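Enquirer: Have a look at this one.
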Amino acid sequence: MPTLRPQFQIITLEQYEALPEDTRAEVFDGQIYYMSSPSQEHQTISMELSTILNTYIKKNQGSCRVFHAPFDVKLNDTPLTIVQPDLMIVCDKDKLDGKRCNGAPDFIIEIVSPGNPADDYIRKLYYYKNAGVREYWIADPRRKIVTVNYFEGDVLNIQYSFESTIKVNIYEDLYINFAEISELLSM
C-alpha cells in the first residue's frame, strides 16, 4: 500500500462514509490514514494476482469472490477499523452488504509500498490475525519476496522469493508462480 499519513482525530463510520469518493484512506482504531495512489509496479502485481485468483475460482465454480482495492473491509465498529486490502477473497457472502465486507476476508494480499513497509509487516499483520483472516500474504517488490502467514495453520512469516511457486493454503490445489509475475515487472 502507498504511504500512510495519520490525521489525529477519532472518526465515526458516518464521517468516513462522508469523505469524497476519490479519497483513499484507511482507519485504525478510529484514526484515519490517507493513502497515495499505487505505482505501476504495484498495479501490475495486483492485476496479475487478481486474474490468477479469479480465474481459479471461476474454473472451479467456487462460491468465493475476489475483490481489489479500493474496497472497504470493516474489521471493527468500536473503535472503527476499516482497511482496503490490495486483494482479498471473501467466501462468506453474508459479510458482503453491497458497500463493503463486514468482518475478516478469508485471504488477503498486500503489496508493500516503499514509503511505509512497516504498515503491512506489522500493523496489518496484527489487525488481520486478530480479526480472523485465514491467510495473509505480503508481496514486497523492492525486496522481491512474498511473506506468507497462514494463521489458520499457525504458519507465520514464511518467506519466498519472487522466483518461487507458492501454494495458497486455503485451497487444495492453487499455486501461484511469482516468476511469471516478476518477468512482467522488468518490461
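Please treat every number below as a calculation from the coordinates, not as lab data. Owing to the predicted nature of the structure, the values given are computational and were not obtained by experimental measurement. Reconstructed Cβ throughout: ideal geometry from the backbone, glycine too, with neighbour counts over all protein chains shown.
Enquirer: How far, in nm, would the chain grow between Thr55 and Asp22 when pulled straight, counting 0.36 nm per residue and subtracting the alpha carbon separation?
Expert: 9.0 nm
Enquirer: Here is a follow-up. How much length is gained on full extension from Asp77 to Leu13, taking 0.36 nm per residue of separation minus their Cα-Cα distance?
Expert: So the chain would gain 22.2 nm between Asp77 and Leu13.
Enquirer: Along the Cα-to-Cβ line of Leu185, 7 Å from the Cα, sits a label point; which residues in the stretch 48-63 have backbone N less than 13 Å from it?
Expert: 48-49
Enquirer: On average, how much area does the Cα convex hull of the stretch 72-172 cover when viewed from any direction, in nm²?
Expert: Mean projected area for the stretch 72-172: 6.8 nm², to one decimal.
Enquirer: On to the next question. Among all cysteines in the chain, which have no other cysteine Cβ under 4.7 Å from their own Cβ?
Expert: So far as the 4.7 Å Cβ criterion goes, Cys101 stand without a partner in the chain.
Enquirer: If I model a spin label at Leu96 and Gln159 as a point 7 Å from the Cα along the Cα→Cβ vector, what separation in nanometres do I get?
Expert: For the pair Leu96/Gln159, the computed spacing is 3.6 nm.
Enquirer: A follow-up question, please. Using only the alpha-carbon atoms, what does the stretch 119-160 span along each of its principal axes? Please give whole angstrom values in decreasing order.
Expert: 28, 20, 10
Enquirer: Here is a follow-up. What do you get for Rg/Rh over the chain if you use C-alpha atoms and the Kirkwood form of Rh?
Expert: Rounded to two decimals, Rg over Rh is 0.94.
Enquirer: Sticking with this structure for a sec: Distance between Cα centroids, the stretch 138-187 to the stretch 76-121: provide it in whole Å.
Expert: For the stretch 138-187 versus the stretch 76-121, the Cα centre distance is 18 Å.
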